[in-house]
Amino acid sequence: MANQTFPTFPSASHLVDKTVVVIGGSSGVGHGAVKAALEHGAKVTIGSSSPEKIQWCGKSLEELHESFGGQDLRL
C-alpha cells in the first residue's frame, strides 16, 4: 500500500484564462483550490456564506490576481 502512486496532471496550463468557481473557497481546502487555480492562470470566483472570509481570502491572495470579487451565498 505504501508504494501506491497516483496520476498527476503533466501541466495545469489548461486552466489559463478559464473560469473556476469554488464554493466554500474562502477557507480550508477550498482556499487551497482557489490558490492553486490562480497560480495556474485561472480566473476564480469564490462562493462563501461569509463576506468577511471572502475579503480575507482576496487580501491573502492579492499577489496572484489582478482584481478580486466574491459572492455571499447565504439564502
Practice item. Could you bin all the Cα-Cα distances of the range 26-72 into 5 Å bins starting at 0 and give me the percent of pairs in each, rounded to whole numbers? Key: 5, 25, 39, 24, 6, 1
**Study point:** For Lys43, distant residues with modelled amide H under 5 Å away
**Key:** Asp17, Lys18, Thr19, Val20
Practice item. Please report, in debye to the nearest 20, how large the charge dipole of the range 26-72 is about its Cα centre when each Lys and Arg carries +1 at its beta carbon and each Asp and Glu carries -1 there. Key: 100
Practice item. Could you list which residues have their amide H under 5 Å from that of Ser49, counting only those 5 or more apart in sequence or on another chain, with H placed in the peptide plane? Key: Leu73
Point to revise | In sequence order, calculated HN-Hα J values of the range 37-51 (Karplus, 6.51, -1.76, 1.60; Hz; x Gly/Pro) | key: 5, 4, 4, 9, x, 7, 8, 10, 10, 9, x, 7, 8, 10, x
Practice item. Please give every one of the lysines within straight-line cross-link reach of Lys53, meaning a C-alpha to C-alpha distance under 21 Å, and leave out same-chain neighbours fewer than 8 residues apart. Key: Lys35, Lys43
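Read-outs: derived from the displayed coordinates by stated rules, not from any lab. Bear in mind the structure is a predicted one, so any value in this text is a computation, not a measurement. As a convention, Cβ positions derive from the backbone with ideal geometry for all residues, glycine included, and neighbour counts pool all protein chains shown.
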